[in-house]
Amino acid sequence: MHIYGIGIDIVDTQRIADSITGDLGERFIARIFTPAEQEYCEQMRFPAPHYAARFAAKEAISKAFGIGIGEDLNWTDMEILRDDLGKPYVTLSGRGKDFAAQHGIDEIMISLSHSDNHAAANAVAVVG
């Protein structure tokens, strides 16, 4: 087993809050977050920090892959979920799943954190 790449990102929670509640909020949410992510975040009393943490995680994953989001990877190709104990984990689909398979990436380990003002995430892409 070895590390393919690592990534980290920090996001201003207010920037995400403004994006999800603004005029294009529904479009923004649908473009960035999967239905399961939306369902989880919307169950929270304050959804913005949870959306922001997932946004940061997706940026961190793209950095761990060494590629950008857009041409090579879609936002919704990465899904940030939680297991029964609350531990976050990643599922990939589409181009994200294809990229991981092509490069032998078996696992992406992530960690999320958020406060009132910021959300951060790191990601480690692991090969075999």
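Every number in this text was worked out from the coordinates using simple rules, so none of it is lab data. All values derive from a computational prediction rather than experimental measurement. FYI the Cβ positions are ideal-geometry reconstructions off the backbone, even for glycines, and counts take in every protein chain you see.
Key figures
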| item | result |
| --- | --- |
| Selected residue (criterion: farthest from the chain's Cα centre (by Cα)) from residues of segment 74-128 that are farther than 20 Å from Phe55 by Cβ and part of a loop (DSSP other than H, G, I, E, B) | Gly128 |
| Residues located in segment 59-78, provided they are without any contact (Cβ under 8 Å) to a residue 40 or more places away in the chain and either β-branched (Val, Ile, Thr) or surrounded by 12 or more Cβ atoms within 10 Å (Cβ to Cβ) (or both) | Ile67, Ile69, Asp72, Leu73, Asn74, Asp77, Met78 |
| Yes/no for Ile29 being more than 23 Å from Gly5 (Cβ to Cβ) and part of a helix (DSSP H, G or I) | yes |
| Any hit, segment 22-38, residues being closer than 17 Å to Thr76 by Cβ, buried (at least 17 other Cβ atoms within 10 Å of the Cβ), touching a residue at least 12 places away in the same chain (Cβ under 8 Å) and of a type in the set (A, V, I, L, M) | yes |
